[in-house]
Amino acid sequence: MGTENRILFYKGIIEYKIVNSLIKQLQDEFSKRSLPIQLYKKALVAMIEMLENIYKYCDAGCVEKIDPKYLPEIDIRKEGDKFILMAANPILVESGKALHEKLKELTKFNHAEVLEVYKKTLMNGMFSDKGGAGLGLLEIARIASGQITYSFQPIDAEHEYYTIQVSVN
């Protein structure tokens with residue numbers, strides 16, 4: 001795919017100052033290309049949720065212990081009338097187990113079921129030990145124009161490389 005289709009790409013440690021820079025870059029690219037504001041909002045929400053997951057599951061200590069080719073990354077590309085958002089990061093195998101189960105369950109739902117679970121989660125306000133109510137992945141699924149795809153690639157005995165991809169239009 002040509003670079004003219006790339007909206008945003010970053011590979012490295014994710015910190016809040018980087019997140020702010022990426023948000024600005026996304027806004028600038030959508031503005032420069034005169035893309036619809038509704039599409040920008042969907043891409044922005046999905047990107048922020050993906051970046052928050054990277055931030056939550058991958059600290060600097062995690063990155064220091066593994067090969068640099070497994071640094072966290074975010075990639076947003078335009079393909080026809082849709083945008084493909086992909087995020088990847090190293091994750092502890094132990095943390096990956098719960099995340100894998102959440103994703104496996106989430107990808108079983110159709111769009112109407114995702115909306116129903118999202119509403120119930122909002123209403124119940126049940127928070128996990130990491131501080132979230134599990135809304136991030138639900139938010140991504142809610143605005144996605146198709147299924148979430150994901151994978152967990154082994155890195156070593158303690159880590160795996162988690163990748164999530166979604167399209168919005």
Using a Gaussian network model on the chain with a 10 Å cutoff between Cα atoms, which of Leu44, Leu26, Leu35 fluctuates the most? Leu35
Diffing segment 42-47: the Karplus 3J(HN,Hα) column from phi (6.51, -1.76, 1.60, θ = phi - 60°), in whole Hz with x for Gly and Pro, holds 5, 5, 4, 4, 4, 4
Rank Met123, Met47, Met86 by mean-square fluctuation in a GNM of the chain with C-alpha springs under 10 angstrom and give only the top-ranked residue. Met123
Work out Dmax and Rg for the chain from the C-alpha atoms and quote the Rg first, both in angstrom. 15.8, 46
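Using only DSSP helix segments of four residues or longer, with each worth -39500 (n - 2.57), what per-residue ellipticity at 222 nm results for the chain after dividing by its residue count and rounding to 500? Please report the intermediate quantities before stating the final value.
Numbers: 6 runs with 80 residues, N = 169.
The helix-only estimate for the chain comes to -15000 deg cm²/dmol at 222 nm.
Within the chain, which is the longest segment that contains none of the trypsin sites (Lys or Arg not before Pro) sitting in a DSSP loop with at most 16 other Cβ atoms within 10 Å?
66-107
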Tell me, in nm to one decimal, what length is gained between Thr107 and Ser31 on full extension, where the rule is 0.36 nm per residue of separation less the Cα-Cα distance? 24.1 nm
Residue by residue through segment 83-100, what is 3J(HN,Hα) from phi via Karplus (6.51 cos²θ - 1.76 cosθ + 1.60, θ = phi - 60°)? Round to whole Hz and write x for glycine and proline. 10, 9, 10, 10, 10, 8, 6, x, 8, 5, 3, 4, 5, x, 4, 5, 5, 4
Amide H contacts of Ile7 (H built 1.01 Å from N, under 5 Å, at least 5 apart or other chain): Ile76, Arg77, Lys78
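FYI, it's all coordinate maths here, none of it is from the lab. Keep in mind the model is a prediction, meaning the values are calculated, not measured. Here the Cβ is made from the backbone with ideal geometry for all residues, glycine too, and neighbour counts use every protein chain on show.
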